[in-house]
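Each reported figure results from applying straightforward, stated rules to the coordinates on display, with no laboratory input. Fair warning: this is a prediction, and the values are worked out from it, not measured in the lab. Here Cβ is always computed from backbone atoms with ideal geometry, including for glycine, and neighbour counts include all displayed protein chains.
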Number of protein chains: 2
Amino acid sequence: MPFDPTSLKYDAAGLIPCIAQDAASDEVLMFAWMNADAVAQTLATGRVTYWSRSRQSFWIKGESSGHVQRLVELRVDCDRDCLLALVAQEGPACHTNRRTCFYTAVRGGDEVELMAPMA
Amino acid sequence: MPFDPTSLKYDAAGLIPCIAQDAASDEVLMFAWMNADAVAQTLATGRVTYWSRSRQSFWIKGESSGHVQRLVELRVDCDRDCLLALVAQEGPACHTNRRTCFYTAVRGGDEVELMAPMA
């Protein structure tokens, strides 16, 4: 059936969470939010586009940093209230210049850093 | 440094989103929410424990279904407002009896089902 972004379930602020996963490495890269227009734009342009809650504006990933996310496939969860974007990521996904935003882990009660920023 | 669940950033409802990823297959399985106590319980018990927003109670994954998630590693993102739980999943993660909750994809403008429920 044709996909309609308005068929998704958005929260009270009109947003839906989106997980970005590297389509090649399967690494989970980041987590951000979209509204219905961002979902539609992402599908129309192939450039992953979030909604920035802090700036209250569209956030075309990589527009200022160059670290573009190209959409490989958009998936929807069972409750239609979360998205999984499989992406081709150019450069680091994280604003700290690391490949992924999830770069610390809890091990033996301590929080340890798993990777350094990319050169 | 020692990990303290209260060092995470929770939303106005006291919740933080958590992505569950299969530690063996790297498949993203599901997305749910935790509060600080659920984070602490997950670490203490090794059983992934969410906070059910609909029931307003702890949700020890698999407690009723038997589809237990054992914690392999908990990771934290750069903004400390999202968690990634690497898990060992017994049986299907999704309440529809599918391996993952993300079982439809947008392809060529249509939404298609990627997998059937497990037998």
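Restricting attention to region A:48-60, the residues being in contact (Cβ under 8 Å) with a residue 24 or more places away in the chain and over 30 Å from B:Pro117 (Cα atoms) number 4.
Within region B:9-17, is even one residue surrounded by 15 or more Cβ atoms within 10 Å (Cβ to Cβ), more than 30 Å from A:Thr6 (Cβ to Cβ) and either free of Cβ contacts under 8 Å to residues at least 24 places away in the same chain or within 13 Å of another protein chain (Cβ to nearest Cβ) (or both)? If you could, list the steps in order and put the result at the bottom.
Within region B:9-17, the first condition is being surrounded by 15 or more Cβ atoms within 10 Å (Cβ to Cβ), and the residues that meet it are B:10, B:15-17.
Of the ones still in play, those that are also more than 30 Å from A:Thr6 (Cβ to Cβ) are none.
Within region B:9-17 (the criterion being surrounded by 15 or more Cβ atoms within 10 Å (Cβ to Cβ), more than 30 Å from A:Thr6 (Cβ to Cβ) and either free of Cβ contacts under 8 Å to residues at least 24 places away in the same chain or within 13 Å of another protein chain (Cβ to nearest Cβ) (or both)), the answer is no, since none of the residues qualifies.
Filtering B:Arg107, B:Arg80, B:Arg53 for residues that are surrounded by fewer than 17 Cβ atoms within 10 Å (Cβ to Cβ), under 30 Å from A:Leu71 (Cβ atoms) and touching a helix residue (DSSP H, G or I) at 6+ places or on another chain (Cβ under 8 Å) leaves a single hit, B:Arg80. Scanning region A:4-53 for residues that are of a type outside the set (A, V, I, L, M, F, W, C) and farther than 20 Å from B:Glu111 by Cα gives A:Asp11, A:Gly14, A:Asp22, A:Ser25, A:Asp26, A:Glu27, A:Tyr50, A:Ser52, A:Arg53. Of the candidates A:Ala38, A:Ala116, A:Ala88, the single residue that is away from chain B (no Cβ under 11 Å) and closer than 22 Å to B:Leu74 by Cβ is A:Ala116.
Conditions (1) within 12 Å of A:Ala20 (Cβ to Cβ); (2) in contact with a strand residue (DSSP E or B) (Cβ under 6 Å, 6 or more places away or on another chain); (3) of a type in the set (D, E, K, R), marked per residue:
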{"position": "A:Ala38", "(1), (2), (3)": "no, yes, no"}
{"position": "A:Gly46", "(1), (2), (3)": "no, yes, no"}
{"position": "A:Ile60", "(1), (2), (3)": "no, yes, no"}
{"position": "A:Gly91", "(1), (2), (3)": "no, no, no"}
{"position": "A:Cys94", "(1), (2), (3)": "yes, no, no"}
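The residues of region A:46-92 that are in contact with a Ser or Thr (Cβ under 8 Å, 6 or more places away or on another chain) and closer than 17 Å to B:Val28 by Cα, listed by number, are A:Leu71, A:Leu74, A:Arg75, A:Val76, A:Cys78, A:Arg80, A:Ala85.
In region A:6-23 there is at least one residue matching the filter, namely being assigned to a strand (DSSP E or B), of a type in the set (A, V, I, L, M) and more than 17 Å from B:Leu84 (Cβ to Cβ).
Only one of the numbered conditions (1) facing chain B (nearest Cβ under 8 Å); (2) within 14 Å of B:Phe31 (Cβ to Cβ); (3) surrounded by fewer than 20 Cβ atoms within 10 Å (Cβ to Cβ) is not met by A:His95, and that is (2).
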